[in-house]
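The values are calculated or read from the model by the stated rules, or taken from the named source; none is laboratory data. Model, not experiment: these values are computed from the prediction. Neighbour counts are summed over all protein chains in view; Cβ atoms, including those assigned to glycine, are modelled from backbone coordinates with ideal geometry.
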């Protein structure tokens with residue numbers, strides 16, 4: 001009789017734990033969906049195709065696992081989907097920032113050249129004024 005109570009308590013604890021993992025899986029899948037959308041909004045489809053596709057595939061697999069009752073697998077796949085979407089976002093942002101940096105460097109070089117030309121013209125004007133005329 002004592003072992004029956006112990007077994008019932010064990011089932012209750014496992015059941016409660018399983019419910020918490022299910023809630024965590026659902027929340028993680030929601031976060032993955034949001035991260036995929038955020039990645040798409042910063043252009044990940046153009047620069048991090050493999051990562052965004054992996055994220056979407058893992059999310060679908062996570063949803064399937066949850067549907068079939070494998071909540072632990074659903075959670076793990078949802079978490080991986082989230083991480084792949086974040087990687088896609090960060091890659092996209094890094095590429096965008098690198099492009100902006102290259103544009104800024106090019107603009108700086110043009111301005112430095114224009115400044116140098118202006119300094120040379122100024123020096124020529126000073127020289128012309130300092131030179132006595134016949």
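Looking at the structure I just gave you, is residue 96 surrounded by fewer than 20 Cβ atoms within 10 Å (Cβ to Cβ) and modelled with pLDDT of 95 or more?
Taking the combined requirement at face value, the residue does not satisfy it.
Can you tell me which of (1) in contact with a helix residue (DSSP H, G or I) (Cβ under 6 Å, 6 or more places away or on another chain); (2) surrounded by fewer than 17 Cβ atoms within 10 Å (Cβ to Cβ) is the one residue 23 doesn't meet?
Among (1) in contact with a helix residue (DSSP H, G or I) (Cβ under 6 Å, 6 or more places away or on another chain); (2) surrounded by fewer than 17 Cβ atoms within 10 Å (Cβ to Cβ), the lone unmet condition for residue 23 is (1).
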